[in-house]
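Working notes, beginning with the structure itself.
The values are calculated or read from the model by the stated rules, or taken from the named source; none is laboratory data. It should be emphasised that the depicted structure is a prediction, and the values quoted were computed from it without experimental measurement. Every residue, glycine among them, receives a Cβ derived from its backbone with ideal geometry; neighbour counts consider all protein chains shown. The area values use the complete protein model at the heavy-atom level, side chains included, leaving out ligands, DNA and RNA. Shrake-Rupley method; radii C 1.70, N 1.55, O 1.52, S 1.80 Å.
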Amino acid sequence: MITIQRIREERSYIAKRLKVRGYSDDELSILDRVVQLDDKRKNNQTSLDELLRQVNQLSRQIGSWYKKGKTVEAEEAKTQVARIKEESKKFDEAQREVLTQIEELLLSIPNVPHPTVPAGSTAEDNQVVKTSGHMPTLHEGALPHWELGKEFGILDFEMGTKLTGPGFPVFRGPGAQLQRALVAFFLDEGAKAGYEEFIPPLMVNEASARATGQLPDKEGQMYHVQTDNLYLIPTAEVPLTNILRDVVLDLDQLPVKMTGYTPCFRREAGSYGADVKGLNRVHQFDKVEIVQVTESTRSYDALEEMVEYVGTLLDKLELPYRVLRLCGGDLGFTSALTYDFEVFSGAQKKWLEVSSVSNFETFQSNRLKLRYKDADGKKQLAHTLNGSALALARIMAALLENNQGATGVKVPDVLVPYTKFELIKHKS
């Protein structure tokens with residue numbers, strides 16, 4: 001959430017950068033509305049403070065008059081105090097209403113795009129900043145992963161539909177073992193890179209979802225347990241980042257580096273067609289997340305470090321990938337700058353997104369009230385970052401497709417110590 005102070009100080013710059021997201025001049029009037037309401041809040045507070053001053057002054061006089069036997073004056077003053085308190089209630093109610101209006105407006109304003117974020121309205125406008133790896137050369141008759149999974153007996157979409165519904169695949173046998181191997185590999189690599197591992201809850205309360213920006217922006221995408229007012233997490237980012245909600249860190253505690261494996265749940269309403277077939281888009285998938293919390297001056301160094309780290313994971317898995325800098329129209333609501341990683345899926349002949357690495361600057365920390373003490377002991381809003389390292393569904397799709405051969409599906413060398421086998425063979 002953008003601070004009111006920043007809107008006041010950087011109104012022109014913020015407006016210019018929000019236009020990169022596609023905001024019109026009419027839509028940008030929301031910035032002026034926030035300032036107007038904040039002026040109203042300040043005026044209300046001045047009036048409230050003045051009424052409180054009068055009450056305190058009269059209260060002291062009442063005691064003095066009673067001591068001096070001036071009962072009439074004291075009673076008149078008590079009547080006046082009662083009248084002022086009633087007037088204060090009206091100002092107090094108006095103040096609460098103004099604060100609610102300000103919060104609603106601030107919650108509806110997305111993060112300010114970093115200067116390097118290009119203008120654009122769709123994924124076609126994203127910038128490719130890096131490519132790596134060798135494109136797979138597959139044998140004639142190579143199969144997409146959903147057919148491979150069925151032929152090898154390692155991936156069952158029909159069983160998932162029976163148990164739950166479409167978008168909830170079942171992994172079995174070597175497929176389940178490969179999935180587990182990927183999770184262990186990603187967590188072990190995270191530990192080597194200095195990330196502390198957590199096993200967080202898979203459901204969060206409304207305050208946690210709001211603090212990291214899932215509410216109100218992504219409310220329709222989350223599964224909601226209405227009886228308990230809890231939300232199934234769309235990513236481990238939500239519980240991991242909220243660990244530091246309402247926390248003030250010392251400078252020597254930064255950067256905070258966290259990682260965690262969780263299943264993730266997303267409704268993905270309206271998903272259909274060939275582009276979302278198989279593991280390309282599912283409602284439940286496994287993911288290992290990395291989160292960093294840094295001081296404000298170091299967050300973009302941390303972002304580059306995280307991007308490089310995710311690239312090393314894909315290199316070790318021998319998957320061809322490209323890195324894209326997202327344009328304004330494709331940028332997430334909470335992000336100031338995002339790099340997407342896409343791997344090439346050989347049998348489908350298409351790129352699949354497997355990671356987003358983002359810097360939120362102070363957008364989340366303002367909601368979280370997550371701060372740190374700088375070198376002068378002054379409290380500053382921290383910067384938060386997160387990235388998928390990695391999302392397993394599409395990684396699994398690419399691994400199966402790119403490594404298929406006449407004898408089966410080859411397991412990447414780096415995963416063999418985890419799987420204890422080098423080849424997934426036909427179930428026959």
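Given the structure, is residue 151 part of a helix (DSSP H, G or I), modelled with pLDDT under 95 and either farther than 30 Å from residue 17 by Cβ or open to solvent by less than 20 Å² (accessible area, probe 1.4 Å) (or both)?
Spelling it out, residue 151 is indeed part of a helix (DSSP H, G or I), modelled with pLDDT under 95 and either farther than 30 Å from residue 17 by Cβ or open to solvent by less than 20 Å² (accessible area, probe 1.4 Å) (or both).
Which residues, counting only those in region 137-148, are open to solvent by 60 Å² or more (accessible area, probe 1.4 Å) and either part of a loop (DSSP other than H, G, I, E, B) or aliphatic (A, V, I, L, M) (or both)?
137, 139, 140, listed by residue number.
Taking the condition at pLDDT 95 or above and within 20 Å of residue 358 (Cα to Cα), does residue 161 pass?
No: the conditions fail for residue 161.
Any residue at all in region 261-280 that is small (Gly, Ala, Ser), more than 16 Å from the chain's Cα centre (by Cα) and crowded, with 21+ Cβ neighbours inside 10 Å?
Yes, region 261-280 contains a residue that is small (Gly, Ala, Ser), more than 16 Å from the chain's Cα centre (by Cα) and crowded, with 21+ Cβ neighbours inside 10 Å.
Pairs, please: C-beta under 7 Å, at least 6 apart or cross-chain, first residue over 20 Å from residue 377 (Cα atoms) and in region 241-263, second of a type in the set (Ser, Thr, Tyr)?
Listed pairs, sorted by first residue: 241/212; 241/384; 242/208; 242/212; 257/195; 258/195; 259/195.
Is it true that some residue in region 122-132 is assigned to a loop (DSSP other than H, G, I, E, B) and modelled with pLDDT under 95?
yes
Which ones in region 310-326 are hydroxyl-bearing (Ser, Thr, Tyr) and surrounded by 19 or more Cβ atoms within 10 Å (Cβ to Cβ)?
Scanning region 310-326 gives a single hit, 321.
Select from region 116-136 the residues that are in contact (Cβ under 8 Å) with a residue 60 or more places away in the chain, out of contact with any strand residue (DSSP E or B) (no Cβ under 9 Å at 6 or more places or on another chain) and of a type outside the set (A, V, I, L, M) and write down the one among them that is surrounded by the most Cβ atoms within 10 Å (Cβ to Cβ).
Out of the qualifying residues, it is 125.
Within region 106-133, can you find the residues that are hydrophobic (A, V, I, L, M, F, W, C) and more than 21 Å from the chain's Cα centre (by Cα)?
Those that are hydrophobic (A, V, I, L, M, F, W, C) and more than 21 Å from the chain's Cα centre (by Cα): 119, 128, 129.
Just to be sure before I move on: is residue 305 in a loop (DSSP other than H, G, I, E, B), surrounded by fewer than 22 Cβ atoms within 10 Å (Cβ to Cβ) and of a type outside the set (A, V, I, L, M, F, W, C) in the structure I sent?
No: the conditions fail for residue 305.
Identify the residue in region 327-344 that is assigned to a loop (DSSP other than H, G, I, E, B) and open to solvent by less than 10 Å² (accessible area, probe 1.4 Å) and, among all such residues, is nearest to residue 107 (Cα to Cα).
Taking the candidates together, the pick is 335.
Which residues, counting only those in region 78-89, are closer than 20 Å to residue 48 by Cβ and either surrounded by 14 or more Cβ atoms within 10 Å (Cβ to Cβ) or in contact with a Leu (Cβ under 9 Å, 6 or more places away or on another chain) (or both)?
Those that are closer than 20 Å to residue 48 by Cβ and either surrounded by 14 or more Cβ atoms within 10 Å (Cβ to Cβ) or in contact with a Leu (Cβ under 9 Å, 6 or more places away or on another chain) (or both): 80, 81, 84, 85, 87, 88.
When you check residue 367 against the structure, is it open to solvent by less than 50 Å² (accessible area, probe 1.4 Å), farther than 23 Å from residue 169 by Cα and among the basic types (Lys, Arg), yes or no?
Here the answer is yes, as residue 367 does meet what is asked.
Working only within region 14-33, note down all residues that are open to solvent by less than 90 Å² (accessible area, probe 1.4 Å) and either at positive phi or in contact (Cβ under 8 Å) with a residue 40 or more places away in the chain (or both).
Result: 14, 17, 18, 20, 21, 22, 30, 31.
Given the structure, is residue 250 open to solvent by 40 Å² or more (accessible area, probe 1.4 Å), under 24 Å from residue 210 (Cβ atoms) and modelled with pLDDT of 95 or more?
Against the criterion (open to solvent by 40 Å² or more (accessible area, probe 1.4 Å), under 24 Å from residue 210 (Cβ atoms) and modelled with pLDDT of 95 or more), residue 250 does not qualify.
Consider residue 220 carefully, then state whether it is surrounded by 14 or more Cβ atoms within 10 Å (Cβ to Cβ), of a type outside the set (Phe, Trp, Tyr) and part of a helix (DSSP H, G or I).
Spelling it out, it is not the case that residue 220 is surrounded by 14 or more Cβ atoms within 10 Å (Cβ to Cβ), of a type outside the set (Phe, Trp, Tyr) and part of a helix (DSSP H, G or I).
Among the candidates 230, 187, 182, single out the residue that is surrounded by 14 or more Cβ atoms within 10 Å (Cβ to Cβ) and within 18 Å of the chain's Cα centre (by Cα).
Of 230, 187, 182, the one residue that is surrounded by 14 or more Cβ atoms within 10 Å (Cβ to Cβ) and within 18 Å of the chain's Cα centre (by Cα) is 230.
Looking at region 401-418 only, could you name the residues that are assigned to a strand (DSSP E or B) and either free of Cβ contacts under 8 Å to residues at least 12 places away in the same chain or of a type in the set (A, V, I, L, M) (or both)?
409
Of the conditions (1) surrounded by 14 or more Cβ atoms within 10 Å (Cβ to Cβ); (2) at pLDDT 95 or above; (3) not in a helix (DSSP H, G or I), residue 240 fails just one. Which one is it?
Condition (3) is where residue 240 drops out.
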